[in-house]
Structures are given as C-alpha cells and as structure tokens.
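Scroll down for the structure; my scribbles are underneath it.
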Amino acid sequence: MTSLQLTPVEWLLAGLLVAVLVLQAWGLLRGGGAERRLREGLGDDLTDFMEQRLAARHRELLLDLHDGLARQTDRIGEHARADRELLQRGLTAASLQLSRGMQALTQSVDGRLDTLSGQVNQRLDEGFRKTNETFASVMARLATIDEAQKKIDGLTTNVVSLQELLGDKRARGAFGEVQLENLVRNMLPPEAFAFQQVLPNGTRVDCLLTLPAPTGNVAVDAKFPLENYHRMFDDTLAELDRRAAQQAFRADVKRHVDAISAKYILPGSTADGAVMFLPAEAVFAELHAYHPEIVAYAQQKRVWIVSPTTLMAVLNTARAVMKDVETRKQIHVIQDALGKLAKDFQRFDERMAALARHIEQASRDVQDVHTSSRKISAHFRRIESVQLDEEDEEAGEGAPAALAAGTVGSGSVGGRD
C-alpha cells in the first residue's frame, strides 16, 4: 500500500481553499446573508473539488491496494505451490521410503515366519517321531512285560509242579539222577562214564566214572535230603521242632554217607573214595556253612559231597587228567613223528645244498656267457669301426680326383674363350 502524497498544484489548491475558507469565515464575521451564500457557494465548490480529488485518490489507492493484494496473492500462491510441491515431493519420498521399509519388513517377517514355520515343522516332526518311537518302545516293553508275565505264570506253574515233584522221595531221586546225567554227559566223553552201572557186590550206582590210573572207577550217587531241610526253615513250626528237624537233617546226611561208603567203595573194583551228589546248591551251602562236622565225617568215610557247581569243577578236572593221560599214551607216536620229521628235514637240507650248488654253477655259467657276449659285441663294434674308416678313406681319395678334373675342365673352357 502507497502513502498519501500531494503534488504542488494540489498544495496550491489546498492553500487557496484554506484562504477561501478564511475569507468566508471573515465574511461571516463581517455580515449578512451574502456572505453566508458566498461561503456556501465556495464551500460547495471546494467540497465538490475535494470530493473529486479524494475519489480519484481513493480509486488510485484502491488500484494500488488491489495490485499489491494481487501481487501478494501471486507470491502467496507461488509460495503455496512451492510448498505443495515440496510437500508432495516429501510425501512421495516418504511414501517410497515407507513402501521400501514395509517391503523389507514384509520380506524379513516372511523370512522369519518361514524359518519359524520350518523350525516348528521340524520340531513337530521330531516330536512326532520321538512320540512314535516312545509309543513303539512302550508297546514293545508292554509286549515284553506280557511275555514275561506269561513266563512268570508258566514259571509259577513249574514251581508248583516242582514242589509237587520234590515232595515225593522217589521223584526227588529221579530228579537228582537226571541232573547228574546231564552234567556228566556235557563234561566227559562217552567212554568215560556209565549210568546205572552194576558193581561186583550187586549194587547199582547212579553213575560210574572211568578215570585213568591210579584213580580208577569213581562211583557217583545222587542224594536229596529235602524234607527235614524244609522243616528247618519252616516258620510255622516251633523252635523245638525246627531243632529236631535240624538234627534229623544231619542224621539223614550221615546215613547217606554211610550207605555210599559201604556200597560204592570196593577195594580192587572202585576207587578208594566215592562222590555224593546234592542237586540243590542251598543244601550244599547249608552243610558247609553250618554243619562242618558232617562234611568232616564224610571225608573220614572217603565220601566227597558235591553240588552241581562243584561237580562241574570236578568233572572238568577229570577231563583234563584224561586228556593228559591220552597225551602221555601218544608220546611215542609223537616221538616217531618227530624222528621222521627230522629225517625229512635232513634230506631237505641236503637237497637244498645241492640246489644251492647248482644255482651257484648256473650263476657262474651266466657270468661266462655274459662275458662272451660282451667280447662278441666288442668285436662287432671294432668291425663296424674298421668298415667306417675304409669308407672314409675311399671318400677322401675320390674328392681330390674330382677336384683335379674340375680344374682341367675349367682351363679348357677358358682357352676356348
């Protein structure tokens, strides 16, 4: 907006207007209606003139204001457009950056989700596999438990049957004989034993072992003193009854020892001792642990008390003795074989010496042949060198003749020229 500025003419007019106003005021002061009319006329003229000038100035001011406002509006519009463009570019860049960030974030999230999904699937598969393995293992164990339960049931039946079997004295004797027979058959060769063998005194022994001298024939009889043994540990019985059963058990064992010593130790027919086989390890352990006097009594009677385990050791020792005896019997055969082997080795040594001499003679012959071959090769080389020397001499004699012929020919040609 421009400030109010007056030209000199306008200042002059303004001064005249002021003078007229002063004159009108003076005329009014001096008198009458004429002066008032003159004042009114001059006032109207000046008023019209001033209104026109003011209207013109107002129009100019309005035009200037409109132009200023238009220019300001244009500048504001340009700034607004620039701001809008800058904002638009910023929004576009931010949108692109946000889009890229969202895309990268989406890719990262998708990758993480894929990884997590793979890990979850892998762990689920592994968990299912382990669950299946555990379930299969549980089923197998249940099947094993069922099978074991069936075996336990069968074992219970067998134990009941065994108890019923061992309740009869004759059945116990048969059980001991069968166990004795199985052990002996598994440990010794067939020619080393005989079952239910009749001795010269007419008695029948459960097993007769035929061992090498000086042991000879050893009788083995199975005994199973079980009734009083069970009564010794029966808690339903009174203490006096258990002690009576213990004394009866010792008496049973002594009676068996006496019977074996009297029936199966026969001078000249059997060895000076016999074996009493106890099929139960518990009975054997009871005797050696709490009744050593019975064991000493049996040893005095030349009766050795054995259990299945100790009988296996005795039979193993007997087998070793039999093997040693057989080895001793075959010692002369081994000596004869070693003598023949020594003679064969002596002949082999002589033939090896003869072969060595032949090989040595052949080696000398090969060396002689090789020497002859070198000499012949040397003769051939000398012959070849002599032939080459003769050819070189012939070539040397032919060259001067050709040279002389060439010289003569050239002279004749020059003469003709």
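At a glance:
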| item | result |
| --- | --- |
| Gain in span if fully extended, A289 to T106, counting 0.36 nm per residue against the direct Cα distance | 57.3 nm |
| Segment 169-329: relative contact order as a whole-number percent, Cα under 8 Å and 6+ apart | 23 percent |
| Theoretical FRET efficiency, 1/(1+(r/R0)^6), r = Cβ-Cβ of S373 and V333, R0 51 Å, to 0.05 | 0.30 |
| Long pairs among K223/K263; K263/K323; K223/K323, criterion Cα-Cα beyond 19 Å | K263/K323; K223/K323 |
| Low-density loop positions, trypsin sites (Lys or Arg not before Pro), segment 195-304 - DSSP coil, at most 11 other Cβ in 10 Å | none |
| Whether segment 280-330 is rounded, prolate or oblate, judged on the alpha carbon gyration tensor where a/c under 1.5 counts as rounded | oblate |
| Rounded Å value of the spacing that divides the Cα centres of segment 274-297 and segment 83-107 | 104 Å |
| Residues N201 and E326, FRET efficiency given R0 of 30 Å [Cβ-Cβ distance, rounded to 0.05] | 0.50 |
| Positive-end residue of Q335, M352, A362, charge dipole of segment 330-378 with Cβ unit charges | A362 |
| Value of D in µm² per second that Stokes-Einstein yields for segment 330-378, Kirkwood Rh from Cα pairs, at 4 °C (1.567 mPa s) | 94 µm²/s |
| Candidate lysines - alpha carbon under 20 Å from K340, same-chain residues fewer than 8 apart omitted | K329 |
| Full-stretch length increase - Q149, A342 - with 0.36 nm per residue and alpha-carbon distance subtracted | 62.7 nm |
| Inter-label distance for S269 and E181, nm, one decimal - labels placed 7 Å from Cα along Cα-to-Cβ | 2.3 nm |
| Length gained when the stretch A296-T134 is fully extended (0.36 nm per residue, less Cα-Cα span) | 52.4 nm |
| Mean separation of Cα contacts under 8 Å, 6 or more apart, over the residue count of segment 247-313: relative contact order % | 39 percent |
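All of the numbers you see were taken from the coordinates with simple rules; none came from a lab. Predicted, not measured: the structure shown is a model, and the values here were computed from it. Cβ atoms come from the backbone with ideal geometry, glycine included; neighbour counts cover every protein chain shown.
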